[in-house]
Amino acid sequence: MSDGESPPITHHSLLMTRMFHCGRFTLSLDRPLIMGIVNITPDSFSDGGHFYSPELAIEHAIKLIAQGADLLDIGGESTRPGAQAVGVEEELQRVLPVLEGLRECGVPLSVDTLKPEVMRAAIRAGADMINDVNALRAEGALQAVADSAAAICLMHMQGEPRTMQQGPFYQDVVAEVKAFLDERIAAAEQAGIERKRIVIDPGFGFGKTLEHNVGMLRQLDAFAELGVPLLTGLSRKSMLGALTGLPVEERMVPSVAAAVVAAMKGAKIFRVHDVKETRQALQIVSALT
Ligand code: 9MG
């Protein structure tokens, strides 16, 4: 490039917001962001209810930050296949003490919920982001986030957690999930949620067979074309068990490998259990791509 010439504008740099506005924080997307999982459900598929007490959950969260988590995702209702729903009061009793205990921890706090009442209470208690596996489709959910500065993760799910793995069906999973996410971005913007606080997620394992999940990971770059940051949740998922034959407690290496593949196909935010190992692997992706 000669003196005075502007740098070339690529397709990607035109579409992609480089900064992500997340409640009290503004995060650069120039490097991968690691979202550490803090499950506070007794039936969580990956921690066996280990972090049900607020003190243990807070301790675990602080360990994840020390390992390099850029954000935390706190969840009080399991969304694993077959899980029973919990009521608003019960979910708040699980989430609020943890949120309050972590408010000054220095990283953005996301709350994983699909209930508008929980969203509003969590945001009042200091949540910087809502992670909604239902993509703000519940009555009042769009408004709950629009009335705040919180970021939102809009995730695709076919069906509902209790029954979603009973015969999921698509003609073309990538095209259908992409069209859904495009429509939910438009709905969120229409409700007053600015693009700079929206991220999307194709929802691995949420109403999808192994073939659907593999198809989505192979073509993940198609979702990145929607022009908002792409979040993936592949950590310890059953698709990795199906591909390796490994039980959930032995899926760290497949999870890190899946995060590397996702990063190479345009994912920016990684919802993971194994923060330290994912961070190390993604440092190599960043250095080489
Ligand atoms: C709560 N939760 C469980 N799995 C998830 C995934 O893949 N993505 C997001 N956004 N949330 C998830």
* Asked: To the nearest 10 square angstrom, how much accessible area does D274 have with a 1.4 angstrom probe?
  -> 20 Å²
* Structure fact -> With the 8 Å Cα cutoff and a minimum separation of six or more residues, region 11-288 has a relative contact order in percent of 20 percent
* Asked: Cross-link list K196/K268; K178/K265; K178/K237; K115/K178: which exceed 18 angstrom alpha carbon to alpha carbon?
  -> K178/K237; K115/K178
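What order do you get for 73-79, 233-239 when each peptide is scored by the mean count of other beta carbon atoms within 10 Å, highest first?
Working: 73-79: 24.7, 233-239: 23.1.
By packing density, highest mean first, the sequence is 73-79, 233-239.
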* Asked: What percent antiparallel are the DSSP beta bridges of the chain, to the nearest 5?
  -> 15 percent
* Neighbourhood net charge (13 Å Cβ-Cβ; Lys/Arg +1, Asp/Glu -1) for H21 -> +3
* Structure fact -> Taking the alpha-carbon centre of each part, the distance from region 91-106 to region 134-160 in Å is 20 Å
* Summing +1 for each Lys or Arg and -1 for each Asp or Glu, what net charge is found among the other residues whose Cβ lies under 13 Å from the Cβ of I284? -> +1
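Carbon and sulfur: what percent of region 104-169's accessible surface (1.4 Å probe)? Don't skip to the answer; put the middle values down first.
On the way: 1160 of 2410 Å².
Of all accessible area on region 104-169, carbon and sulfur atoms account for 48 percent.
Using the Cβ atoms and a cut-off under 12 Å, what net charge is assigned to the surroundings of I34, where Lys and Arg are +1 and Asp and Glu are -1? Please report the intermediate quantities before stating the final value.
Details: positive: R31, K268, R271, K276, R279; negative: D70, D73, D274, E277.
Surrounding charge for I34 is +1.
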* To do: For region 11-288, report the accessible area per residue in Å² (1.4 Å probe, heavy atoms, rounded to an integer).
  => 42 Å²
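The values are calculated or read from the model by the stated rules, or taken from the named source; none is laboratory data. As the structure is a computational prediction, the values presented were derived from the model and not from experiment. We place every Cβ from the backbone using ideal geometry, glycine too, and count neighbours over all the protein chains shown. These accessible areas exclude ligands, DNA and RNA; they are computed on the full protein's heavy atoms, side chains included. Shrake-Rupley method; radii C 1.70, N 1.55, O 1.52, S 1.80 Å.
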